[in-house]
1. Round to the nearest 0.05 the FRET efficiency obtained for Tyr39 and Asn16 when R0 = 30 Å and r is the Cβ-Cβ distance.
2. For Ala54 and Phe80, what is the calculated FRET efficiency with R₀ set at 41 Å and r taken between the beta-carbons, to the nearest 0.05?
3. By how many nm would the segment from Lys73 to Ile31 lengthen if fully extended, with 0.36 nm per residue of separation less the alpha-carbon distance?
Amino acid sequence: MKFFFKNIDFSLQSWNFPRVVRLGLGLFFFIPGIQEVDYFAMLLGGVLLYQAIANTGCGFTRNSSSCSVDLPKTDKKVKF
């Protein structure tokens, strides 16, 4: 467990709007998932909570490189 949360900054200055939204949605799905024993809701809420706590995610941050796709470099010109 220490491996996942080793480099986490828990200061409130690092919490931005998308991170708070992920936390809210994670709690919104996880808590009722536990109450109703809904495994899909618990899984979805758990993923969102992990993303909020670890400040990871895809596409919400400007400097998010976890989802970047390198385009192939070609010198070919397309002819029609």
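1. Working from the Cβ atoms, E equals 0.50.
2. Approximately 0.30, to the nearest 0.05.
3. Answer, rounded to one decimal: 10.4 nm.
No lab work stands behind these numbers, since they all come straight from the coordinates. Here the structure is a predicted model, which is why all the values come from computation and not from measurement. Positions of Cβ are backbone-derived with ideal geometry, glycine not excepted, and every protein chain shown enters the neighbour counts.
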